[in-house]
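One structure is given below, encoded as structure tokens.
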Amino acid sequence: MLIYQKESYRIIGACMEVHAELGPGFLEPVYQEALAVVLTEKGVPFAREKELPIFFRGKALAKRYIADFVCFDTIIVELKALDCLAGEHEAQVLNYLKATRFKLGLLVNFGTTSLQQKRLVL
């Protein structure tokens with residue numbers, strides 16, 4: 001069974017709505033704003049550009065990651081607007097998960113003709 005299946009389905013559905021309406025070609029901040037509008041309309045709780053603490057040996061470090069979105073207080077959502085996703089983008093989300101101890105990250109790319117999304121689980 002997928003973790004946070006219902007929640008991630010709602011988030012991806014919102015991303016699909018944004019992509020269907022805007023299509024590819026915009027910069028990432030445009031997709032961030034549009035996604036915030038749709039998430040709000042759908043009643044999905046989120047924090048935008050949320051600072052995430054990084055833990056090392058049980059202590060929070062001064063350095064923080066900034067996630068594009070944290071939805072339902074449990075899912076990191078990282079947006080891209082690129083020709084294609086690369087391993088470094090997945091590594092970025094996996095590092096966010098490792099450092100913060102969140103269990104699920106969604107990597108979403110609006111830059112292609114068909115929305116790309118990956119579920120990354122720690």
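Assorted remarks:
- For the stretch 56-65, the candidate set comprises residues that are open to solvent by less than 90 Å² (accessible area, probe 1.4 Å), out of contact with any Leu (no Cβ under 7 Å at 6 or more places or on another chain) and assigned to a strand (DSSP E or B); within that set, the residue that is farthest from residue 6 (Cα to Cα) is 61.
- Comparison of 63, 98 shows that the only residue that is at pLDDT below 90 and of a type in the set (Lys, Arg) is 98.
- Filtered by the rule that a residue be assigned to a loop (DSSP other than H, G, I, E, B), more than 18 Å from residue 6 (Cβ to Cβ) and among the basic types (Lys, Arg), the stretch 67-122 gives a lone residue, 101.
- Residue check for residue 118: over 23 Å from residue 36 (Cα atoms) and touching a residue at least 24 places away in the same chain (Cβ under 8 Å): no
- Taken together, 18, 38, 44 contain a single residue that is more than 16 Å from residue 118 (Cα to Cα), open to solvent by less than 30 Å² (accessible area, probe 1.4 Å), in a loop (DSSP other than H, G, I, E, B) and modelled with pLDDT of 90 or more, which is 44.
- The selection criterion, being in contact (Cβ under 8 Å) with a residue 60 or more places away in the chain, touching a helix residue (DSSP H, G or I) at 6+ places or on another chain (Cβ under 7 Å) and surrounded by 12 or more Cβ atoms within 10 Å (Cβ to Cβ), holds for residue 110.
- Qualifying residue in the stretch 22-32 (condition: in contact with a strand residue (DSSP E or B) (Cβ under 7 Å, 6 or more places away or on another chain), surrounded by fewer than 18 Cβ atoms within 10 Å (Cβ to Cβ) and part of a helix (DSSP H, G or I)): yes
The values are calculated or read from the model by the stated rules, or taken from the named source; none is laboratory data. Predicted, not measured: the structure shown is a model, and the values here were computed from it. Quick reminder, even Gly has a Cβ in these numbers, built from the backbone with ideal geometry, and neighbours come from all protein chains shown. Heavy atoms of the whole protein, side chains included, go into the accessibility calculation; ligands, DNA and RNA do not. Shrake-Rupley method; radii C 1.70, N 1.55, O 1.52, S 1.80 Å.
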